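Step one of this worksheet: look at the structure below.
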Amino acid sequence: MLPAWRSLLFFSFCAASLALRTNDITQDQLESANRTRVEQSVLDKEHDARLHLVSYPAASVLVIICVVLVVLALKNAETSKEPQAGLKGGSAHPLLERQEVMEFVPEPETSLADDFVQAFTCQRVLTFLLAVILSYMVAVHTDPHDFATSTSLNNIPSAESCMAACYSFPTALCDPSNLHFNINVKDDGLGKTSCSFMVVPSGWKVDAVLVSFILGIYLIIEGATAEIILIGLVCMYATAGIITAKEAFAGFGNGSVVGLALLFPVAAAVEETGVLDVAIGMLLGNPKSQYVALLRMMVVVAFLSALLSNTAIVAMMIPQAVSWSRTLGVHPGKLLMPLSFAAQLGGSCTLIGSSSTLVAKDSVDKSIYTMAFFDLSVAGTCVALVTMIVTAVCLPLLSSSADNSTTGGENGSQISDVYWVSFQVRPGSSYVGMSQSDLWTLLKRMPGVQDVKAGHSDADSQIGTAMTLSCYLEDRGVVALRQLIGLKIFNEEELTQLGMQRERRHLFEVVVGSASVMVGLPLDSHAMRLTLGACPIAFRGKDVGVKVEAGDILLVEADERYVGTKLWKQEFSMTKMVSDSSPLRRGGVHDRLRCVLVCLAMTGLIVLVTLERLNLACGAGLFVFAIVMSGAHSVTSVYKSIKAPMLLVIAGAFGLSTALEKTGIAKFASLQLSACAAPFGIHGLRLSVYIFCVLLSMFMNNAAAIAIIGPMLAGMAKSSCSDTECIQLQLKALTFVMVFGAGTCLMSPLGYQTNMMVMKDGGYTFSDFTKFGCIIQAMHMIAALAIVYLTIDVFQL
């Protein structure tokens with residue numbers, strides 16, 4: 001019930017903000033019927049009517065209604081609550097004795113008053129009221145001309161027609177300083193005309209977008225789903241006529257969004273080849289010093305993140321960093337936060353390094369500056385190196401709030417609750433030479449791993465090639481260990497005989513039926529493979545070598561086409577598929593060929609995009625087409641790799657950005673930032689952009705933050721320069737600062753997905769990121785601003 005109330009609250013507040021200016025529309029219509037052009041006195045009259053006829057009474061009535069509703073809801077909630085009678089006496093049911101070990105308590109159905117009180121919290125009502133007050137302050141203390149936006153019309157035959165077109169807009173500014181008629185003569189002698197003038201947006205549109213934008217950002221910070229909030233906002237704007245439906249959903253057809261969607265399967269195909277595991281192993285080595293390990297790890301991660309998925313690289317590096325920390329005798333928290341920082345730094349070095357750089361290319365004015373593939377590389381690399389050195393110097397200040405004893409897995413679980421599965425260490429694996437205690441600690445951190453044992457009892461003895469590990473695992477633990485390239489399951493050869501269509505193979509937990517012909521016999525892998533398309537892995541709670549009994553729970557890998565057949569139902573009474581349990585597509589002859597082709601295609605894509613011979617979205621689309629048609633990747637895998645929530649957030653942010661532009665809020669914000677930074681020159685302006693980007697990206701997706709801020713940069717660049725070349729350089733510099741600020745969120749675990757990935761293993765709390773991240777963020781800001789000045793203003797690279 002509560003999510004429904006939250007949605008009702010959000011759209012009720014937004015609808016109220018729209019209603020604040022209904023009289024303003026009527027006033028505009030009445031005045032536009034009798035005027036032929038807009039003069040300052042008319043705007044002043046509209047401004048006064050906007051306040052006295054609408055704002056004051058609407059805000060007062062809204063406050064009174066909200067207060068009355070909240071008081072009534074609180075009163076109803078108090079009267080509807082009745083104390084629940086507890087069970088007394090000595091005849092309580094034995095199950096009640098286990099109540100204290102329950103992880104959660106089922107919530108009873110609540111009354112409408114309770115739901116209302118939870119939905120209309122004081123924080124939300126205050127946020128809305130503050131947004132209304134801010135809207136009122138903007139209406140009182142700002143000049144409407146500050147919100148005027150440019151409108152252009154093409155193919156206007158004459159200057160008189162241009163002026164007539166300007167007069168047709170009720171709030172247009174048609175004086176000579178704002179009205180421009182241009183004739184551009186082409187090489188073939190034909191001319192193209194354009195008419196441009198400034199239009200002051202209606203006050204109700206400014207208020208609606210401003211209030212709903214503030215409320216939407218607050219709900220996102222509070223934990224609401226960002227994509228739903230942003231899509232809901234743009235749909236509301238389109239319905240109200242603030243933007244058109246085409247503008248609302250233009251983000252879905254934006255080149256950066258399409259390119260990002262197609263790059264997800266490309267990154268998944270490269271990751272699936274296993275080449276990243278090999279590259280990381282070769283580049284990292286076995287450092288003997290904490291600082292050597294830190295710098296080597298950060299450089300390698302930043303380099304790979306500039307070209308590949310930083311999320312995948314961090315996921316692969318976490319076990320390696322944990323292993324290093326044990327070997328070097330330090331807490332994993334000393335390495336994992338810098339690991340996340342390095343991934344973010346590398347993502348700001350190339351066009352495909354992260355989603356934020358792709359969005360930045362399309363969010364700024366392309367008529368002034370268009371970002372190339374390696375435009376960010378020089379400045380981004382210098383900023384990354386400086387920040388890495390600062391991180392190493394400040395490493396003694398990094399602390400983790402977790403205790404070492406809490407990072408391991410749970411031991412001592414009953415064998416009846418888990419599967420007993422054997423794994424072997426592969427020859428040449430990075431685990432060879434590690435001590436048993438380090439490997440045990442590493443494996444027990446994997447999800448679903450309860451305990452690990454080996455033939456040697458000495459914890460300090462080293463891991464050797466082909467050493468057998470006896471693991472007590474849940475079903476997800478079997479999946480996790482099979483993903484490790486350095487281990488192989490004991491019956492890997494038998495599993496391979498199930499066929500090479502590994503995307504159709506999954507792990508299943510099955511219950512042996514009483515009518516099964518296998519009851520009383522030992523498991524026969526050959527017979528099960530031929531008849532059931534399955535290969536047994538382990539019994540739950542007993543050795544795989546014992547005879548089958550009715551009711552046994554068996555973990556098998558099977559072809560999904562056999563599941564549910566008549567013979568399958570005769571043998572197994574219940575079946576449950578383990579999610580994400582398909583085996584890795586590595587090790588075979590075709591896998592090696594696919595690895596080579598995918599790597600060559602990725603290299604060719606980077607080269608062609610760099611040389612501007614191929615559009616990034618088109619190149620990624622050709623890549624996906626090739627891997628699907630060649631059978632290297634299935635359509636299902638392509639769809640599975642695409643991160644729809646991220647794309648919805650970015651597409652919604654583009655629509656929101658359009659609304660901010662059309663209502664003049666983006667222009668007003670850029671003017672205010674420029675005015676605040678004016679005493680400090682262009683450096684103050686860049687500093688304000690950096691801080692604005694960091695603050696916004698702390699609470700929402702960094703690509704969405706760039707989509708909102710990007711359109712403001714052209715106005716800032718024009719306010720600081722007069723000639724075209726200077727404007728181009730300043731817009732390029734501001735774009736770099738925006739990418740570095742929004743793409744590197746070091747002060748909050750919520751700002752970037754890799755920060756959340758390392759929180760558990762590093763034992764970090766929110767305050768750990770804040771304390772250490774503030775220092776590194778401040779130094780990153782200084783380095784970014786200084787290097788942007790050197791590379792663009794001084795050397796003009």
Suppose we filter the range 251-267 for residues that are surrounded by fewer than 19 Cβ atoms within 10 Å (Cβ to Cβ), in contact with a helix residue (DSSP H, G or I) (Cβ under 6 Å, 6 or more places away or on another chain) and among the small types (G, A, S); how many remain? 1
If you check F147, F169, F181, which single one turns out to be surrounded by 14 or more Cβ atoms within 10 Å (Cβ to Cβ) and under 24 Å from V211 (Cα atoms)? F147
First in the range 128-148 and more than 16 Å from S202 (Cα to Cα) and in contact (Cβ under 8 Å) with a residue 12 or more places away in the chain, second anywhere and outside any helix (DSSP H, G or I) and open to solvent by less than 40 Å² (accessible area, probe 1.4 Å), Cβ under 9 Å, 6 or more apart: V132/L20
Among the helices (runs of 4 or more DSSP H) confined wholly to the range 103-201, which include 2 or more residues that are at pLDDT below 80 and not hydroxyl-bearing (S, T, Y)? 112-119, 122-141
Consider G652 carefully, then state whether it is in a helix (DSSP H, G or I), free of Cβ contacts under 8 Å to residues at least 40 places away in the same chain, under 24 Å from the mean Cα position of the chain (by Cα) and crowded, with 20+ Cβ neighbours inside 10 Å. no
Consider Q436 against the criteria (1) at pLDDT 85 or above; (2) more than 21 Å from M316 (Cβ to Cβ); (3) open to solvent by less than 20 Å² (accessible area, probe 1.4 Å): it satisfies all of them except one. Which criterion is unmet? (1)
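Pick out the one residue from M528, M602 that is modelled with pLDDT of 90 or more and either under 34 Å from the mean Cα position of the chain (by Cα) or not polar (S, T, N, Q) (or both).
M528
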Take the conditions open to solvent by 50 Å² or more (accessible area, probe 1.4 Å) and within 25 Å of the chain's Cα centre (by Cα) and apply them to L695. Does it pass? yes
Expected single match for open to solvent by 30 Å² or more (accessible area, probe 1.4 Å), in a loop (DSSP other than H, G, I, E, B) and touching a His at 6+ places or on another chain (Cβ under 8 Å) among M446, M500 is M500
If you scan the range 204-231, which residues turn out to be among the small types (G, A, S), in a helix (DSSP H, G or I) and open to solvent by 10 Å² or more (accessible area, probe 1.4 Å)? A226
Select from the range 727-755 the residues that are farther than 21 Å from T370 by Cβ and part of a helix (DSSP H, G or I) and write down the one among them that is most open to solvent (accessible area, probe 1.4 Å). Q753
Those residues of the range 760-780 which are surrounded by fewer than 20 Cβ atoms within 10 Å (Cβ to Cβ), within 22 Å of the chain's Cα centre (by Cα) and not small (G, A, S), in sequence order: K760, T765, F766, T770, C774
Quick one: T724 ticks every box in (1) crowded, with 19+ Cβ neighbours inside 10 Å; (2) more than 20 Å from the chain's Cα centre (by Cα) except a single one, so which number is it? (1)
Test each condition in (1) at pLDDT below 85; (2) over 30 Å from I133 (Cβ atoms) for L262 and report the one that comes out false. (1)
Considering only residues that are of a type in the set (V, I, T) and open to solvent by 50 Å² or more (accessible area, probe 1.4 Å), look in the range 566-599 and name the one that is modelled with the highest pLDDT. T575
Residue within the range 685-692 that is surrounded by fewer than 20 Cβ atoms within 10 Å (Cβ to Cβ) and within 29 Å of V266 (Cα to Cα) present: no
Return a yes/no flag: does the range 705-714 have any residue that is in contact (Cβ under 8 Å) with a residue 12 or more places away in the chain, closer than 27 Å to M316 by Cα and of a type outside the set (F, W, Y). no
Quick check on my filter: what residues within the range 537-553 are in contact (Cβ under 8 Å) with a residue 40 or more places away in the chain, over 38 Å from the mean Cα position of the chain (by Cα) and open to solvent by less than 10 Å² (accessible area, probe 1.4 Å)? F539
May I ask you to list the residues in the range 481-502 that are of a type outside the set (V, I, T) and at pLDDT below 85? Q483, L484, G486, G499, M500, Q501, R502
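The values are calculated or read from the model by the stated rules, or taken from the named source; none is laboratory data. In this text, all values refer to a predicted model and were calculated from it rather than measured experimentally. Methodologically, a virtual Cβ is constructed for each residue, glycine included, from the backbone with ideal geometry; neighbour enumeration extends over all protein chains shown. We work out accessible area using only protein heavy atoms, side chains counted, and drop any ligands, DNA or RNA first. Shrake-Rupley method; radii C 1.70, N 1.55, O 1.52, S 1.80 Å.
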